[in-house]
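K.L.:
I am attaching a structure below and will ask some questions about it afterwards.
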Amino acid sequence: MELYQHQNKALVETEQFNRVAYYLDMGLGKTFVGSEKMWQLNNRVNLVICQKSKIDDWVQHFQEHYSEDYTVLNLTDKKQFAKYQEMVADESAADVVGVINYDLVYRRSYFAHMSNFTMMLDESSIIQNEKAKRSKFILAMNPENVILLSGTPTAGKYENLWSQLHLLGWGISKELYWKQYVEQEWIEDNDSGFKMAVITGYKNVDRLQQKLAAHGAIFMKSEEAFDLPEQQNIFLAVPSTKEYRKFMKRRVITVTKREGVEWHDDSDFQGKDTTPRVQLIGDTTLTKRLYARQLCGQYNKEKINAFHDLLQSTNDRLIVFYNFNDELEKLQNVAAVYTEHISVVNGSIKDLSAYEEFDDSVTFVQYQAGAMGLNLQKANKIVYFTLTDKSELFEQSKKRIHRIGQGKKCFYYFLMCRGSVEYDILETLNMRKDYTDALFEKHYS
């Protein structure tokens, strides 16, 4: 398989390691580096753990590039899982690669007893919370070789790196790791009166990077490997509604469920209107933040109209990121006016056929399901109908089009409600931080 120069460089620099981490910026081809390292390690039994949405991609990748080297099995299929177990047990069997997702692997106790195999974790940042069930399970597994792949291994937060260091074989305790590399400050919580630790920065970063390199970790940014096209942000401001402002003051409002967007205060109902409706009650910080975001998206007619205008202005491929199912329904209705070529990637569907075949396609991608790992460089335009509140998903989403193979300037269209929480979210995401309940409460309590 022919690799790019930067990919070969990563392999050469980790040649002596059997536990490696390829923290290559999104778009630099971690898939090819990881699979080639697996082939070089030359273990008969191999296991790839990835997101559910990426299982078919990994199976196809190994079948396309390593069909003569491996039997490739989708371990979410019971028959293929049974075949995998048979091949693992039979030392005379051919080399095998099994592919399974994070949320299923820890439910299969079989993997807890495996040994002498190569384990590859795609998007290894998923195990950064070592207390989560899937992380605990994976950290307790007994592979001979480990390959970690991630574009954003810590989302800018070194405190989240410890679990991955553990898999690389650095035996430092979490307590000592934090003491040596993480700066904390104890402040008093205004509500409880108790003191809590707040991370204020990092220390000994140069030493940390040296230790990472000594344990097989490679960091590489896009600009180190390629002159990728220019990126341009375009902000399209739409009015926030009086209903949004009313909700932010009262914490409650009732909306109709018509296809269009119509509004009523509770006092408007006099027993005559039978239109299906839903009441949004922001009785906690979490629900107020959730509904504030929805009132800036699916319940804002001006933003729906702005999306309509954007579609009307181009017949190029568009990638549209969204959060909520009701958003998708409304956006699909708008897109259907302009094109019949619509693709969707979310927790239930992964259909990219229209994206692959048609220049005027519109592809709707839900952040959790598609911000990581998709190759969408046939398009050079992304529309953010609403923003995620997760920094890692936001950073990953931008790289879906800005990656190897992209020859055009990349445009990012942000549909933003004036004077709303969306600007606070964007400011926070640009600082590489998650937008949390605490940040929301600080401005909107």
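Every read-out reported here was derived from the displayed coordinates using simple, explicitly stated rules and does not represent laboratory data. Here the structure is a predicted model, which is why all the values come from computation and not from measurement. Here the Cβ positions follow ideal geometry from the backbone for every residue, glycine too, while neighbour counts run over all protein chains shown.
K.L.:
Tell me the relative contact order for region 231-444 as a rounded percent, counting alpha carbon contacts under 8 Å between residues six or more apart.
P.N.:
Values: 380 pairs, mean separation 51.4, N = 214.
Across region 231-444, relative contact order equals 24 percent.
K.L.:
How large is log10 of I(q)/I(0) for region 304-360 at q = 0.27 Å⁻¹ when the intensity is taken from the Debye formula with one equal scatterer per alpha-carbon?
P.N.:
These q points yield log10 I(q)/I(0) values of -1.34.
K.L.:
So what are region 358-423's ellipsoid semi-axes, whole angstrom, largest first, if each one is the square root of 5 times an eigenvalue of the alpha-carbon gyration tensor?
P.N.:
Numbers: eigenvalues 90, 39, 24 Å².
For region 358-423, the ellipsoid semi-axes come out as 21, 14, 11 Å.
K.L.:
Lone cysteines in the chain, defined as no other cysteine's Cβ under 4.7 Å from theirs: which are they?
P.N.:
Unpaired cysteines in the chain: 50, 410.
K.L.:
What are the extents of the Cα atoms of the chain along their three principal axes, listed from largest to smallest and rounded to whole Å?
P.N.:
77, 58, 44
K.L.:
Ratio of region 231-444's C-alpha Rg to 2.2 N^0.38 Å, to two decimals? Intermediate values should be presented prior to the final figure.
P.N.:
Numbers: Rg = 17.5 Å, N = 214, 2.2 N^0.38 = 16.9 Å.
Compared with the compact-globule rule of thumb, region 231-444 sits at 1.03.
K.L.:
With both partners inside region 5-223, how many of the DSSP beta bridges are antiparallel, as a percent to the nearest 5?
P.N.:
Working: 7 of 34 bridges.
Here the share of antiparallel DSSP bridges comes out near 20 percent.
K.L.:
From Cα pairs below 8 angstrom and at least 6 apart in sequence, can you work out the relative contact order of region 5-223, rounded to a whole percent? Walk me through the numbers before you get to the answer.
P.N.:
Values: 362 pairs, mean separation 59.1, N = 219.
Rounded, it is 27 percent for region 5-223.
K.L.:
Within 10 Å, count the other beta carbons around each residue, average over each peptide in 57-63, 387-393, and list them highest first.
P.N.:
On the way: 57-63: 18.3, 387-393: 22.6.
Top of the packing list down: 387-393, 57-63.
K.L.:
To make sure I understand, if each residue's beta carbon is the centre and we count other beta carbons within 10 Å, what order do 44, 19 fall in, fewest to most? Mind showing how you got there, number by number?
P.N.:
Working: 44 17, 19 21.
The most exposed by this proxy come first: 44, 19.
K.L.:
Where does each of 359, 122 land when they are ranked from fewest to most other beta-carbon atoms within 10 angstrom?
P.N.:
Numbers: 359 11, 122 25.
With the fewest neighbours first, 359, 122 line up as 359, 122.
K.L.:
As a test, work out the antiparallel percent of DSSP beta bridges whose residues both lie in region 231-444, rounded to the nearest 5. Please list the in-between numbers first.
P.N.:
Numbers: 9 of 33 bridges.
About 25 percent, rounded to the nearest 5.
K.L.:
So in the chain, what percent of DSSP beta bridges are antiparallel if you round to the nearest 5? Let's see the in-between values first.
P.N.:
Details: 16 of 67 bridges.
Looking only at bridges with both residues in the chain, the antiparallel portion is about 25 percent.
K.L.:
Which of 194, 324, 364 has the fewest other C-beta atoms within 10 Å, and how do the rest follow up to the most? Mind dumping the intermediate values first?
P.N.:
Values: 194 8, 324 16, 364 23.
Final ranking by Cβ density, sparse to dense: 194, 324, 364.
K.L.:
Defining a contact as two alpha carbons under 8 Å apart and six or more residues distant in sequence, what relative contact order in percent does the chain show? Numbers along the way, then the final one.
P.N.:
On the way: 789 pairs, mean separation 66.7, N = 445.
Dividing the mean separation by the residue count of the chain yields 15 percent.
K.L.:
Among 244-253, 173-182, 94-103, what's the highest-first ranking by average C-beta atoms within 10 angstrom per residue?
P.N.:
On the way: 244-253: 16.6, 173-182: 14.3, 94-103: 20.2.
Averaged packing, sorted descending, gives the order 94-103, 244-253, 173-182.
K.L.:
So for region 34-82, Kirkwood radius off the Cα pairs, Stokes-Einstein at 10 °C and 1.306 mPa s: how many µm² s⁻¹?
P.N.:
The calculation lands on 138 µm²/s.
K.L.:
Out of 136, 30, 399, any idea which swings most in a Gaussian network model of the chain, alpha carbons joined below 10 Å?
P.N.:
136
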